[in-house]
1. How big is D for region 185-291, in µm² s⁻¹ as a whole number, if Stokes-Einstein is applied with the Kirkwood radius of its Cα pairs at 10 °C and 1.306 mPa s?
2. H278: accessible area at probe 1.4 Å, nearest 10 Å²?
3. Using the heavy atoms of the protein chains alone and a 1.4 angstrom probe, what is the accessible area of region 10-284 per residue in square angstrom?
4. Just the accessible area for V77, please: 1.4 Å probe, Å², rounded to the nearest 10?
5. Taking the Cα centre of the chain as origin, work out the dipole magnitude from +1 charges on Lys and Arg Cβ and -1 charges on Asp and Glu Cβ, in debye rounded to 20.
6. Equivalent ellipsoid semi-axes for region 10-284, as square roots of 5 times the alpha carbon gyration tensor eigenvalues: give them largest first, rounded to whole Å.
7. Would you kindly calculate the translational diffusion coefficient of region 1-110, applying Stokes-Einstein with the Kirkwood radius from alpha carbon pairs, for 37 °C and a viscosity of 0.692 mPa s, and quote it in µm² s⁻¹ without decimals?
8. Out of the total accessible area of region 10-284 (probe 1.4 Å, heavy atoms of protein only), what percent is carbon and sulfur?
Amino acid sequence: MKEDVTRSIAVRPAAGSLGAEIEGVDLAAPLRDWIIDELRQALVAHLVLFFRDQNLTPDEHLRFSRLFGPLTRVPYVKHMDEYPDIIAVLKEADERKISTFGNAWHSDFSFLEAPPMGSVLYAKEVPSHGGDTLWANMYEAYDALSDGMKRMLDPLRAMHSGRPYGVAHAPSGVRTSRSIAIERENPQADREVAQPVVIIHPTSGRKALFVNEIYTTRFEDMTEEESRPLLAFLFRHCIRPEFTCRFRWKPGSLAIWDNRCTLHYAVNDYDGSRRLMHRTTIAGEALVGAM
Ligand SMILES: [Fe+2]
(Lines give C-alpha, C1' and ligand atoms only; values in the text may rest on other atoms or scores of the structure.)
Protein backbone atom coordinates (compact mmCIF):
# COMPACT_ATOMS: atom_id res chain seq x y z
CA MET A 1 0.00 0.00 0.00
CA LYS A 2 1.31 3.43 -0.90
CA GLU A 3 1.85 5.81 1.99
CA ASP A 4 -0.29 8.94 1.90
CA VAL A 5 2.33 11.63 2.47
CA THR A 6 -0.13 14.52 2.03
CA ARG A 7 -2.08 13.63 5.17
CA SER A 8 -1.42 15.49 8.34
CA ILE A 9 -2.51 15.06 11.93
CA ALA A 10 -4.98 17.45 13.56
CA VAL A 11 -3.44 19.83 16.11
CA ARG A 12 -6.13 21.76 17.99
CA PRO A 13 -4.97 24.46 20.41
CA ALA A 14 -6.45 23.96 23.89
CA ALA A 15 -6.02 27.53 25.17
CA GLY A 16 -4.65 30.88 23.96
CA SER A 17 -1.25 30.44 25.55
CA LEU A 18 -0.20 26.80 25.35
CA GLY A 19 -1.44 23.24 24.94
CA ALA A 20 -2.87 21.40 21.94
CA GLU A 21 -4.99 18.30 21.51
CA ILE A 22 -3.69 15.91 18.87
CA GLU A 23 -6.25 13.91 16.95
CA GLY A 24 -5.92 10.98 14.59
CA VAL A 25 -2.91 9.25 16.16
CA ASP A 26 -2.89 5.80 17.77
CA LEU A 27 0.19 5.83 20.01
CA ALA A 28 0.08 2.04 20.49
CA ALA A 29 0.98 1.53 16.80
CA PRO A 30 4.48 2.18 15.44
CA LEU A 31 4.34 5.77 14.16
CA ARG A 32 5.47 6.82 10.69
CA ASP A 33 8.42 9.20 10.47
CA TRP A 34 6.35 12.15 9.24
CA ILE A 35 3.98 11.79 12.19
CA ILE A 36 6.91 11.70 14.62
CA ASP A 37 8.29 14.88 12.97
CA GLU A 38 4.92 16.62 13.25
CA LEU A 39 4.56 15.63 16.91
CA ARG A 40 8.04 16.93 17.73
CA GLN A 41 7.27 20.21 15.95
CA ALA A 42 3.90 20.48 17.69
CA LEU A 43 5.58 20.03 21.08
CA VAL A 44 8.01 22.88 20.33
CA ALA A 45 5.12 25.09 19.17
CA HIS A 46 2.51 24.23 21.84
CA LEU A 47 4.69 23.13 24.83
CA VAL A 48 2.21 20.48 25.98
CA LEU A 49 0.33 17.97 23.81
CA PHE A 50 -2.77 15.99 24.79
CA PHE A 51 -4.03 12.72 23.33
CA ARG A 52 -7.37 11.05 24.09
CA ASP A 53 -8.57 7.46 24.11
CA GLN A 54 -5.19 5.76 24.02
CA ASN A 55 -4.79 2.16 25.09
CA LEU A 56 -1.14 1.67 25.94
CA THR A 57 0.82 -1.10 27.59
CA PRO A 58 3.77 0.07 29.69
CA ASP A 59 6.10 -0.98 26.84
CA GLU A 60 4.14 1.12 24.33
CA HIS A 61 4.20 4.07 26.73
CA LEU A 62 7.99 3.67 27.02
CA ARG A 63 8.44 3.39 23.24
CA PHE A 64 6.40 6.56 22.61
CA SER A 65 8.31 8.46 25.31
CA ARG A 66 11.68 7.51 23.78
CA LEU A 67 10.73 9.20 20.49
CA PHE A 68 11.50 12.47 22.31
CA GLY A 69 14.81 11.42 23.86
CA PRO A 70 16.42 8.92 26.21
CA LEU A 71 14.58 8.31 29.47
CA THR A 72 15.98 9.07 32.89
CA ARG A 73 15.27 7.97 36.47
CA VAL A 74 14.84 10.75 38.99
CA PRO A 75 15.98 10.91 42.59
CA TYR A 76 13.82 10.32 45.66
CA VAL A 77 10.78 8.81 43.92
CA LYS A 78 10.39 5.06 43.77
CA HIS A 79 9.95 3.65 40.25
CA MET A 80 7.89 0.57 39.36
CA ASP A 81 9.67 -2.70 40.14
CA GLU A 82 8.83 -4.32 36.83
CA TYR A 83 9.23 -1.09 34.78
CA PRO A 84 12.07 0.92 36.34
CA ASP A 85 11.60 3.80 33.85
CA ILE A 86 7.97 4.34 34.93
CA ILE A 87 6.67 6.02 38.09
CA ALA A 88 3.17 5.05 39.20
CA VAL A 89 1.54 8.26 40.45
CA LEU A 90 -1.24 6.95 42.66
CA LYS A 91 -3.64 8.31 45.26
CA GLU A 92 -6.03 5.80 46.79
CA ALA A 93 -9.70 6.59 47.45
CA ASP A 94 -9.23 6.33 51.21
CA GLU A 95 -6.26 8.71 51.32
CA ARG A 96 -7.78 11.99 52.46
CA LYS A 97 -6.23 15.33 53.31
CA ILE A 98 -2.77 14.38 52.10
CA SER A 99 -0.30 16.32 50.03
CA THR A 100 -0.28 14.74 46.56
CA PHE A 101 2.65 14.52 44.22
CA GLY A 102 2.94 17.76 42.18
CA ASN A 103 0.37 19.73 44.18
CA ALA A 104 2.11 23.13 43.75
CA TRP A 105 3.42 24.95 40.66
CA HIS A 106 6.76 23.51 39.61
CA SER A 107 9.00 22.27 36.86
CA ASP A 108 10.04 18.67 37.47
CA PHE A 109 13.37 18.19 39.24
CA SER A 110 14.67 21.67 38.39
CA PHE A 111 17.32 21.06 41.09
CA LEU A 112 19.17 18.56 38.91
CA GLU A 113 22.20 19.85 37.02
CA ALA A 114 20.51 18.64 33.84
CA PRO A 115 16.75 18.99 34.52
CA PRO A 116 14.47 16.64 32.58
CA MET A 117 13.52 17.68 29.05
CA GLY A 118 9.95 16.58 29.63
CA SER A 119 7.53 14.01 30.92
CA VAL A 120 4.84 11.75 29.51
CA LEU A 121 1.87 11.20 31.82
CA TYR A 122 -0.72 8.54 30.98
CA ALA A 123 -4.05 8.27 32.82
CA LYS A 124 -4.94 4.71 33.86
CA GLU A 125 -7.70 5.42 36.37
CA VAL A 126 -9.14 8.87 37.13
CA PRO A 127 -12.00 10.35 39.18
CA SER A 128 -15.25 11.20 37.37
CA HIS A 129 -14.39 14.85 38.04
CA GLY A 130 -11.46 16.63 39.64
CA GLY A 131 -7.77 15.73 39.51
CA ASP A 132 -7.06 18.08 36.58
CA THR A 133 -3.56 19.27 35.73
CA LEU A 134 -2.63 22.86 34.80
CA TRP A 135 0.39 24.08 32.84
CA ALA A 136 1.85 27.60 32.49
CA ASN A 137 3.84 29.05 29.59
CA MET A 138 7.17 30.41 30.84
CA TYR A 139 8.05 32.06 27.50
CA GLU A 140 4.99 34.26 27.80
CA ALA A 141 5.70 34.91 31.47
CA TYR A 142 9.14 36.23 30.45
CA ASP A 143 7.86 38.18 27.44
CA ALA A 144 5.24 39.98 29.57
CA LEU A 145 7.87 41.48 31.91
CA SER A 146 9.05 45.07 31.45
CA ASP A 147 12.32 45.69 29.62
CA GLY A 148 13.88 46.86 32.88
CA MET A 149 12.93 43.67 34.72
CA LYS A 150 14.16 41.52 31.81
CA ARG A 151 17.54 43.32 31.85
CA MET A 152 17.81 42.77 35.59
CA LEU A 153 16.85 39.07 35.46
CA ASP A 154 18.78 38.03 32.32
CA PRO A 155 22.20 37.65 34.01
CA LEU A 156 20.91 36.24 37.32
CA ARG A 157 21.10 32.69 38.59
CA ALA A 158 18.97 31.15 41.29
CA MET A 159 19.48 28.21 43.61
CA HIS A 160 17.23 25.15 43.28
CA SER A 161 16.96 22.33 45.81
CA GLY A 162 14.83 19.23 46.32
CA ARG A 163 14.91 19.87 50.09
CA PRO A 164 11.27 20.92 50.31
CA TYR A 165 10.39 17.24 49.80
CA GLY A 166 13.18 16.13 52.13
CA VAL A 167 12.55 15.13 55.70
CA ALA A 168 14.37 18.08 57.25
CA HIS A 169 12.11 20.60 55.54
CA ALA A 170 8.83 18.74 55.14
CA PRO A 171 6.08 20.77 56.80
CA SER A 172 5.00 19.01 59.97
CA GLY A 173 1.67 17.22 59.82
CA VAL A 174 1.73 16.90 56.03
CA ARG A 175 1.45 13.34 54.85
CA THR A 176 2.24 12.20 51.36
CA SER A 177 0.57 9.35 49.54
CA ARG A 178 1.52 5.94 50.91
CA SER A 179 1.35 4.78 47.30
CA ILE A 180 4.29 6.93 46.17
CA ALA A 181 7.38 6.01 48.11
CA ILE A 182 9.51 9.13 48.54
CA GLU A 183 13.01 8.59 49.86
CA ARG A 184 13.99 11.23 52.35
CA GLU A 185 17.49 12.64 52.71
CA ASN A 186 18.66 11.85 49.22
CA PRO A 187 21.93 13.81 48.77
CA GLN A 188 21.25 14.33 45.06
CA ALA A 189 17.97 16.05 45.88
CA ASP A 190 19.09 17.90 48.99
CA ARG A 191 22.01 19.97 47.72
CA GLU A 192 21.58 23.37 46.03
CA VAL A 193 22.19 23.76 42.30
CA ALA A 194 22.42 27.14 40.53
CA GLN A 195 20.26 27.53 37.40
CA PRO A 196 19.86 30.53 35.09
CA VAL A 197 16.78 32.60 36.03
CA VAL A 198 16.21 33.14 32.30
CA ILE A 199 17.14 30.25 30.01
CA ILE A 200 17.62 30.07 26.27
CA HIS A 201 15.51 27.09 25.23
CA PRO A 202 17.83 24.61 23.47
CA THR A 203 15.38 23.89 20.63
CA SER A 204 13.35 27.06 20.08
CA GLY A 205 16.10 29.55 21.00
CA ARG A 206 13.49 31.59 22.92
CA LYS A 207 13.97 33.02 26.39
CA ALA A 208 11.93 31.48 29.21
CA LEU A 209 11.72 32.21 32.93
CA PHE A 210 13.07 29.27 34.93
CA VAL A 211 12.02 29.61 38.58
CA ASN A 212 9.35 27.73 40.51
CA GLU A 213 7.87 27.91 43.97
CA ILE A 214 8.73 24.37 45.10
CA TYR A 215 12.40 24.19 44.27
CA THR A 216 13.77 27.74 43.81
CA THR A 217 15.03 28.89 47.20
CA ARG A 218 16.98 32.14 46.55
CA PHE A 219 19.08 34.05 44.04
CA GLU A 220 22.73 33.05 43.83
CA ASP A 221 24.93 35.02 46.28
CA MET A 222 21.86 36.39 48.08
CA THR A 223 20.04 35.27 51.22
CA GLU A 224 16.57 33.71 51.18
CA GLU A 225 15.24 36.79 52.94
CA GLU A 226 16.72 39.16 50.35
CA SER A 227 15.44 37.00 47.50
CA ARG A 228 11.93 36.47 48.80
CA PRO A 229 10.14 39.64 47.56
CA LEU A 230 11.29 39.35 43.94
CA LEU A 231 10.83 35.58 43.84
CA ALA A 232 7.34 35.95 45.30
CA PHE A 233 6.50 38.41 42.52
CA LEU A 234 7.87 36.05 39.85
CA PHE A 235 6.02 33.01 41.27
CA ARG A 236 2.75 34.99 41.16
CA HIS A 237 3.43 36.54 37.79
CA CYS A 238 4.27 33.33 35.90
CA ILE A 239 0.97 31.63 36.76
CA ARG A 240 -1.34 34.41 35.60
CA PRO A 241 -4.42 32.66 34.14
CA GLU A 242 -3.61 34.06 30.67
CA PHE A 243 -0.40 32.01 30.63
CA THR A 244 -2.09 28.71 31.58
CA CYS A 245 -4.15 25.84 30.26
CA ARG A 246 -6.06 23.16 32.17
CA PHE A 247 -6.56 19.55 31.17
CA ARG A 248 -9.37 17.29 32.31
CA TRP A 249 -8.21 13.69 32.33
CA LYS A 250 -10.19 10.67 31.23
CA PRO A 251 -8.97 7.08 31.30
CA GLY A 252 -6.65 6.70 28.30
CA SER A 253 -5.67 10.40 28.15
CA LEU A 254 -1.99 11.15 27.72
CA ALA A 255 -0.02 14.39 28.05
CA ILE A 256 3.56 15.14 27.08
CA TRP A 257 5.14 18.43 28.08
CA ASP A 258 8.36 20.37 27.74
CA ASN A 259 9.69 20.81 31.28
CA ARG A 260 12.11 23.67 30.43
CA CYS A 261 9.53 26.24 29.31
CA THR A 262 6.46 25.28 31.37
CA LEU A 263 5.36 24.87 34.97
CA HIS A 264 2.62 22.47 35.99
CA TYR A 265 0.25 21.93 38.91
CA ALA A 266 -1.73 18.81 39.87
CA VAL A 267 -5.05 19.80 41.43
CA ASN A 268 -5.77 17.79 44.61
CA ASP A 269 -9.58 18.06 44.72
CA TYR A 270 -10.67 14.43 44.51
CA ASP A 271 -10.56 12.94 48.02
CA GLY A 272 -12.60 9.74 47.95
CA SER A 273 -11.59 8.73 44.42
CA ARG A 274 -8.70 6.62 43.20
CA ARG A 275 -6.35 8.17 40.64
CA LEU A 276 -3.58 6.20 38.95
CA MET A 277 -1.23 7.68 36.37
CA HIS A 278 1.92 6.27 34.77
CA ARG A 279 4.72 8.72 34.21
CA THR A 280 7.98 8.56 32.26
CA THR A 281 10.71 11.19 32.40
CA ILE A 282 12.76 12.24 29.35
CA ALA A 283 16.37 13.21 30.03
CA GLY A 284 17.48 16.81 29.49
CA GLU A 285 20.74 18.72 29.28
CA ALA A 286 22.32 21.45 31.41
CA LEU A 287 20.50 24.74 30.81
CA VAL A 288 22.09 27.76 29.15
CA GLY A 289 21.30 31.21 30.50
CA ALA A 290 20.32 34.33 28.58
CA MET A 291 23.66 35.98 29.42
FE1 LIG B 1 5.55 17.34 38.31
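1. For the chosen part, D equals 96 µm²/s.
2. Accessible surface of H278 is approximately 20 Å².
3. 43 Å²
4. Roll a 1.4 Å probe over it and V77 shows about 10 Å².
5. 380 debye
6. Semi-axes (√(5λ), whole Å): 28, 24, 17.
7. Result for D is 197 µm²/s.
8. Working: 5730 of 11860 Å².
Using a 1.4 Å probe with all protein chains present, region 10-284 comes out at 48 percent carbon and sulfur.
The values are calculated or read from the model by the stated rules, or taken from the named source; none is laboratory data. As the structure is a prediction and not an experimental result, all values here were calculated from the model. Methodologically, a virtual Cβ is constructed for each residue, glycine included, from the backbone with ideal geometry; neighbour enumeration extends over all protein chains shown. Surface accessibility is based on the protein's heavy atoms, side chains included, excluding ligands, DNA and RNA. Shrake-Rupley method; radii C 1.70, N 1.55, O 1.52, S 1.80 Å.
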